[in-house]
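Here is the structure we will look at.
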Amino acid sequence: SDEALQVVIDQMLRDERSQRMIHSFCDQWLNLRSLDKVTPSLKLYPEYNDLLNHYLPIETRRYLNHLIQENQPVGLLIDSDFSFLNQRLAQHYGIEGIIGQEMRQVSFSPEVPRGGLLTMGSVLKVTTDGYDTSPILRGAWVSKNIVGTPLSPPPPNVSAIEPEHGEATTLREQIEQHKSSKTCYACHKSIDPYGFGLESFDATGHWRERYRVKKDHNATFIYRLKGYYSLGGDVDASGEINKNPFDNVFGLKKVLLSDPLKIAYNFAKKFFEYANGYKPSLKQRLELFELVPADPEDCRMKDLVTEVLIYSLTAETE
């Protein structure tokens, strides 16, 4: 029966071994498996090191585990006033008073832009090339993994847009120019704003007000503690989604949270895909949609995980 399954699922989630599930789910859903494919430029980000790289994904896994174990509202995927940090992570995020390497829950004051998955260094790093940030890459990540907007592949003859941050305006202008073609505009109008909202974070997830621009050097580059860059233009993190304008990451989170059921439904689909090893069919997507409670207050993480697992185990046999 469903009740008996619920009890078993609850026991399994409480078991220490469920951490392996959290680990591999984060790797697949949030693409954290690609974290080490990119090494941030030492010229631009001299303070980035292996220790930070080690702890970034641990923060994300601890956070997701907490949301599921404590059956927290699904909206906390987008924004919250806490995360799990240690001294090295807190230093990276500019949060004072955290001493020692042990991970612990840390509360944020309202002016801190962190909280939720989008502003975590692991996610912000995995969506860049190690030098510059691309609103298109980040926007596509948010569309696909958080909002659940399917993306069609770009037309075959379109060349990639390379970020050049010498002038802060150039990247926006390049993207605007690129969007002037109808085929490109259709996708970019829904992808790019999410990425623009995250432009206040550099390729390591560090907060920035201005862009860093690499300096040229004549001989072999020697590591410098201060890096080797000059400051470029100011960051503009504004955008508009479905006629809702926003100025920065705080506004972006508000727009995303205006439709928590969409976030919950996408999470259900992603967890189904993880649990079953394939994407849900149209019939299954409709049934998963029915599982999501109509009241956002009732959309809770452990409940969703449990519902999806019971559905996955029982739907085929009925």
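The values are calculated or read from the model by the stated rules, or taken from the named source; none is laboratory data. All values derive from a computational prediction rather than experimental measurement. Backbone-built Cβ (ideal geometry, glycine too); neighbour counts: all protein chains shown. When the accessible area is computed, the model is the full protein with side chains, heavy atoms only, and any ligands, DNA or RNA have been set aside. Shrake-Rupley method; radii C 1.70, N 1.55, O 1.52, S 1.80 Å.
Some notes on this structure:
- Within the stretch 195-318, the proportion of Cα pairs with more than 23 Å between them is 57 percent.
- Cα centroid separation, the stretch 19-68 to the stretch 194-217 (Å): 18
- For the chain, accessible area per residue (1.4 Å probe, heavy atoms of protein chains only), Å²: 52
- Neighbours of Lys43 by Cβ distance under 11 Å: Lys/Arg scored +1, Asp/Glu scored -1, total +4.
- With respect to the chain, whose longest principal axis is taken over its alpha-carbon atoms, helix 168-179 is tilted by about 60°.
- Under 14 Å, Cβ to Cβ, from Gln72 - net charge with Lys/Arg +1 and Asp/Glu -1: -3
- Sum of side-chain charges, Pro280 neighbourhood, beta-carbon under 9 Å (Lys, Arg +1; Asp, Glu -1): +2
- Carbon/sulfur fraction of accessible area - the chain, other protein chains in place, 1.4 Å, %: 52
- Computed over the chain, the P(r) curve from all C-alpha pair distances, binned at 10 Å from the origin, holds 5, 25, 33, 23, 10, 3, 0, 0 percent per bin.
- Coil-residue GluC sites (Glu not before Pro) of the stretch 199-250, DSSP, other Cβ within 10 Å capped at 14: Glu209
- Among His66, His54, His217, the largest mean-square fluctuation in a Gaussian network model of the chain (Cα springs under 10 Å) belongs to His217.
- Ellipticity estimate at 222 nm from DSSP helix runs (n ≥ 4, -39,500 (n - 2.57)) divided over the chain, nearest 500: -14000 deg cm²/dmol
- Looking at the stretch 268-318, the chymotrypsin sites (Phe, Trp or Tyr not before Pro) that sit in a DSSP loop and have at most 13 other Cβ atoms within 10 Å of their own Cβ are Tyr278.
- With the whole protein complex present, Cys187 retains an accessible surface near 40 Å², based on a 1.4 Å probe.
- Candidates Leu76, Leu225, Leu252, ranked by Gaussian network fluctuation over the chain, Cα under 10 Å, top entry: Leu225
- Surface accessible to a 1.4 Å probe, Val8 within the full protein complex, Å²: 70
- The trypsin sites (Lys or Arg not before Pro) of the stretch 1-42 that meet both conditions, a loop assignment by DSSP and at most 15 other Cβ atoms within 10 Å of the site Cβ, are Arg17.
- Close amide-amide hydrogen proximity is noted between Tyr229 and Lys215, each under 5 Å apart and 5 or more residues distant or on a separate chain (H modeled in the peptide plane; Pro and chain starts excluded).
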